[in-house]
Structure formats: structure tokens, C-alpha cells
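The values are calculated or read from the model by the stated rules, or taken from the named source; none is laboratory data. Here the structure is a predicted model, which means the values were calculated and not measured. So basically every Cβ, Gly included, is an ideal-geometry build from the backbone, and we count neighbours across all protein chains shown. With ligands, DNA and RNA removed, areas are computed over all heavy atoms of the protein, side chains included. Shrake-Rupley method; radii C 1.70, N 1.55, O 1.52, S 1.80 Å.
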Amino acid sequence: MGNRPYSYRRGGWMANIIIKGKSNFGRTRSEQEQNLRKEWGSTITDEQLDKIKHLERKAKDKFGSNPNFVSPIDADEVK
Amino acid sequence: MPLIKGPKVKGYIEVDENVRFMRNVATRYALPWSQIFFVDGVNGSDTKNTGRTPDRAFATIAKAVSVAARGDVIYVRPLLATYTHGFDRYTEQVTVPLAKHDLSIIGVTNSLNPEFGPKLAWTTPAGVCLTVDAPALHVENLGFFAEGVTTGAAVLLTHDATAYLKRGGDAATFYNCTVKAGLIKTQGGDGLYIRNCIFNAMWDGTYAGGIYAVSDSGHNPRRLKIRDCTFQGGNIVPSAAAYITVTSFGAVLIADCIFDACDVDAIIADDSTGVISCCHFIGADDDAVITKGGLLVTGCTYLQT
């Protein structure tokens, strides 16, 4: 059982569970953009990022879901 | 990395305390895409890395496309820049197969300097940089360089009519890309959208940068949309070939674009329908710069040097 500690209270060996998500880099384009700027740089302008956040909020209000991959093509349509 | 610790009893982990999942656990809503991949031609590795995080990026775009599935997103980092010849270029021939539809390939560029254009450069002396058999590809911030390529195409969107094995011309989108001395060529399809892109001819004007939409497949191609694009000649010389060639397309929209001087008509259309709207040309009038071929022209301006 290696070095895992024994639980006398429960009478069993301790074990670890590693929970992996599909991606922790961001579920939406705006989350991905903000994380990407910490690593490599930007893919859109600050103005487009604000517009994409706006579109994501609108989509969440309308469809109840916030993971949306909004492209700057859509953001440019926001006036 | 989150961990849950507890005694293992009869095959189960027992947890005495309340458990609060902060993230990455059974999300309520499915992601519209499956995974994110990263490509870094300087620090990445195709053999050692998973491509799932920026610090474990792949080295090539081809590797990322090969492991990606439909709906995935690929972020690509520019190569190094040198004073003498600008940014180094990815030199791959990549094919996006039919099953990998709705794929996004996005260059990471400095958007604070949009005038310079996308820094992520991609070229291949052997032929087409990107061949697309899958529908709904999204390309962003990439710079394609195709000087001297005999096929003339930097990007080839394939289409095979009713065989339905090649659908690259369907619903593809190109945003903020640069194409120099090469073409985005589509063989047909429905809904190709090219926006905010810059097309440059070769330095001596011999190879145009532009869009070539021809119905090779004869399958009623339609809804080609080109907006907010700039078409430029070579180094102080006009382009020797047309910037946009459209044949047998329906519902074409070319709007809000700027066309530099051209030795032939800037737009050559044939047997097509649609509108050219609010564009700016160098020439005397629409007859001097457009072979209409069935397209209507409205709201354009013409400047003569």
C-alpha cells in the first residue's frame, strides 16, 4: 500500500482521487482570452473583449448557459 | 490540481467532511467545443508534450490538428522575429479532414498594433499551407505567405458537390488574416465568410493576394461574403491579377472593402448574382475596375491618381 496512511477510524487505507476537467483554461472565449494574456499574449483587442463579455452575458440570459465561443466577428457587430 | 482524500473501504473512498467542488467537475452545460490545444514552434514539442497547456504546447500546427476533434480550438504562438526578415514562419502543409469540422485555429498576436497585422506567419514553398475538407473552419490572426507557389492558393477550401466527402467551402470563416501573394481558394460551398483581412500582392505585383471562388464542383455555391477587407498591390506596383474572382456563385456580398490599383479589373465575376456595396476603388468608374458578371454595384467610390 506504499506510504499511504492507514485510517484507524475507518479501518482502511487513505487514497487520492484526482479529478480532471476537460479544460481549465476557460469555458468561454473571454475566459480563454484572459488566461492567454497571462501566458502568451492577446488575440483580440480590449474593446472586442468587452463586447464578447457582453455577448456572453446576453447568451447566458437568453439560453441559461454561459459557455459560448464568441468570435470577434460577432463582437464587431456590437455598436 | 484538486484532490479528495479519505479512507478506502470496500472499494469506495469515504469522505467525512462536506465536499465543495470549485471547478472542473461535471459541468452543467456541455462545452461547445471539446478541448483546447496550444502550438509553440519555439518551445513546444510534438513528441514530449500533450499540447493541452501553453507550457506543454506542441511544436507544429499539423500535430495539433491531428489530435484535435471537431469543435476544438487551437491557439498558435508566433515564432521569433529577427531584424532582417521579420517573424519566422511555420512551414507546414496541413490538411483538416472532413471529420474535424467546426475547428478553430487562432494566432496569438499583438492586437494593440492592428496596423502591423497578424504576426503569426505561415508559408510553405511546396504548395498550399492549409487544405480544408471539413466545414465550419474558423481561422483568426494568421498570416499566409505564398510567394511563388505554383498553385496560387495559400488556403484551399475543397468541395466535391454531392459526394459529401469534402466540405471545406461550407461556413468557413476567416478573420483578421493576411494573405500575401496567394489566394484563399474555394471550390464551392455555402456561407464562406471573409472579414477584416488584408490581401497583398507579391512585391513585384506578379502574384495577387486575393480570393478565388470558382464552382469546380458545380454544386450551386452560394452566400460568399467578403467584408471590411483591404486588397493591396506590390511594392508601389499594381497587382497583375484580379483581387477577387467569382464564378457561378449565388448571393455574393462584397462590402466595405478597399481595392488598390490593379492591372486588370480588381473584381472579375462571371455567371454570378449578388451585390458589391460601399467599396472604394482606384479607377474611373465601376466599368473600369469591375467585371460585373451578374453582380450589382451600389454606393462605391472611384479615385483616379
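Worth a mention:
- Full extension of the chain between B:Asp228 and B:Ala288 yields a length gain of 19.4 nm, computed as 0.36 nm times the residue separation minus the alpha carbon distance.
- The string of couplings for segment B:272-289 from the Karplus curve (6.51, -1.76, 1.60, θ = phi - 60°) is 10, 10, x, 9, 10, 10, 6, 9, 10, 10, 9, x, 6, 7, 5, 5, 7, 10 Hz, one whole number per residue in order, with x for Gly and Pro.
- Across segment B:93-102, coupling constants 3J(HN,Hα) worked out from phi with the 6.51/-1.76/1.60 Karplus curve, θ = phi - 60°, read 10, 10, 10, 9, x, 4, 5, 9, 7, 6 Hz, and Gly and Pro carry x.
- A crude spin-label estimate for the pair B:Leu296 and A:Asp50, with each label 7 Å from Cα along the Cβ direction, gives 3.7 nm.
- Taking label points 7 Å from Cα along the Cα-to-Cβ direction, A:Asn35 and A:Arg57 give a separation of 2.2 nm.
- Association of chains B and A removes close to 3900 square angstrom of accessible area from solvent, both sides included, for a probe radius of 1.4 Å.
- Taking every protein chain into account, the 1.4 Å probe leaves B:Leu303 with about 110 Å² of accessible area, to the nearest ten.
- Efficiency of FRET from Cβ geometry, B:Ile258 and B:Ile236, R₀ 22 Å, rounded to 0.05: 0.85
- Near B:Gly41, the amide H atoms lying under 5 Å from its own belong to B:Arg77; only residues 5 or more places off or on other chains count, and H is placed 1.01 Å from N.
- In this structure, the amide hydrogen of B:Thr273, modeled 1.01 Å from its nitrogen in the peptide plane, lies closer than 5 angstrom to those of B:Phe249, B:Gly250, B:Ala251, B:Val252, counting only residues at least 5 positions away or on a different chain.
- Counting, for every residue in A:51-59, the Cβ atoms of other protein chains within 10 Å of its Cβ and taking the mean gives 0.
- Backbone HN-Hα couplings from phi across segment B:61-67 [Karplus 6.51/-1.76/1.60, Hz, Gly and Pro as x]: 5, 4, 5, 5, 5, 5, 9
- Computed over protein heavy atoms with a 1.4 Å probe, the accessible surface of segment B:223-305 works out to 45 Å² per residue.
- Förster radius 30 Å - calculated FRET efficiency between B:Thr82 and B:Lys48 (Cβ-Cβ, nearest 0.05): 0.70
- Protection-proxy order for peptides B:77-89, B:153-165, B:185-197, B:256-268, each taking the mean of Cβ atoms within 10 Å per residue, highest first: B:185-197, B:256-268, B:153-165, B:77-89
- Peptide A:40-47 - average C-beta neighbours from other chains (10 Å radius): 6
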